[in-house]
Amino acid sequence: MTPKAELHCHIEGAASPALVEKQAAKYGVDVSGIIRDGRYQWHDFTSFLKAYDVAADLFRTEEDYSRLADTYLSSLAREGAIYAEFFTSPDHARRAGLSPEAYTAGLADGMERAKAKTGIESRMIVTGVRHFGVEAIEAAARFAARSGHPLIAGFGVAGDERVGEVEDFQRAFEIAREAALGITIHAGEFGGPDSVRAALDHIKPARIGHGVRAIEDPDLVKRIADEGIVLECCPGSNVALGLYPDLASHPFGKLRAAGCKVTLSSDDPPFFHTTLGREYGHALDHWGLDQKALLGVTRTALEAAFVDRKTKAGLLDRLPKK
Ligand code: ADE
Ligand code: ZN
């Protein structure tokens, strides 16, 4: 099995419908509006984000989050993943009644449990949610910066890219950068090339979440390649959310051929009927990557990981030499 690494998964979005139904029974909540016949129900980005929020609200204690992280990471390890970075959202935790500190401690407990069982290494990237507003994003950055938790390695912004101006998030990212956190931002998913360019100009991230719509502007593609910006590509998510009609139309292969550093991730796997293993499979089936090229994708992801240098060297050492 090809060793894999994931850089882009929202932890609340990794909860399976079955686990969410279990949580709903625990808290006496009706989830028939978002889950039917064991599948999440949504029809566009806005209704996806709403379903995501309802599911997230059912994780309310440290133990709930520990189980969520353990379940996600253990299943990832079964697919051959040796490393994962996932997005956390202190705002979703707060809305569910838990402090950012307790939320992080719960997730960290799950990370340690999964590592003990499977060997998978993982780190958290704290995110602010764009449609929750600038104040909330800055509060998330302040939490990430002061937390000092050894498993928090980065800061990012997720949520509805159609809301707000990227310039407004500069202060939040400065707070994170000063705390030596890795920087990533969602752009070029529901926004076009201008959104990616604004993110590069104003935020100066090492990585872009998605970024795939850069393909609409060849100069921007060249800039991404020249500057070595890493794209956290999630093709299955992009097709599920209707950015592209099918995988054959997805620009992953073209971005890679243009010299961009591309990686593969699952984003919100059960919402989009995908897994990291399936994303690697898509690269094999649709963009002509062979096993060696897939290993190269994993290497790119590990080199771009926000993990400390020593752990990174150890992970790279676990890849077959050839
Ligand atoms: N939050 C969870 N999934 C997301 C996505 N695909 N884009 C932006 N924000 C998200
Ligand atoms: Zn995402």
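A few comments on the model shown:
- Tally, over the range 119-166, of residues that are of a type in the set (Lys, Arg), farther than 26 Å from residue 3 by Cα and modelled with pLDDT of 95 or more: 3
- Selection status of residue 45, open to solvent by less than 60 Å² (accessible area, probe 1.4 Å) and either within 16 Å of ligand 2 (Cβ to nearest atom) or touching a His at 6+ places or on another chain (Cβ under 7 Å) (or both): yes
- Look at (1) over 19 Å from the mean Cα position of the chain (by Cα); (2) touching a residue at least 24 places away in the same chain (Cβ under 8 Å); (3) not in a helix (DSSP H, G or I) and you find that residue 59 fails only one, number (1).
- Single match in 52, 40, 27 (criterion: out of contact with any strand residue (DSSP E or B) (no Cβ under 9 Å at 6 or more places or on another chain), open to solvent by less than 60 Å² (accessible area, probe 1.4 Å) and of a type outside the set (A, V, I, L, M)): 40
- Residue, nearest to ligand 1 (Cβ to nearest atom), within the range 1-44, restricted to residues that are part of a helix (DSSP H, G or I) and under 30 Å from residue 206 (Cβ atoms): 13
- Scanning the range 108-118 for any residue that is at negative phi, at pLDDT below 95 and open to solvent by less than 60 Å² (accessible area, probe 1.4 Å) turns up nothing.
- Filtered residues of the range 71-94 (kept if of a type in the set (D, E, K, R), away from ligand 1 (no atom under 16 Å from the Cβ) and either open to solvent by less than 10 Å² (accessible area, probe 1.4 Å) or touching a residue at least 60 places away in the same chain (Cβ under 8 Å) (or both)): 79
The values are calculated or read from the model by the stated rules, or taken from the named source; none is laboratory data. For clarity, every value in this text was computed on a predicted model and none was experimentally measured. When we count neighbours, we look across all protein chains shown, and the Cβ atoms used for this are built from the backbone with ideal geometry, even at glycine. In case anyone asks, the SASA skips ligands and DNA or RNA and just uses the protein heavy atoms, side chains included. Shrake-Rupley method; radii C 1.70, N 1.55, O 1.52, S 1.80 Å.
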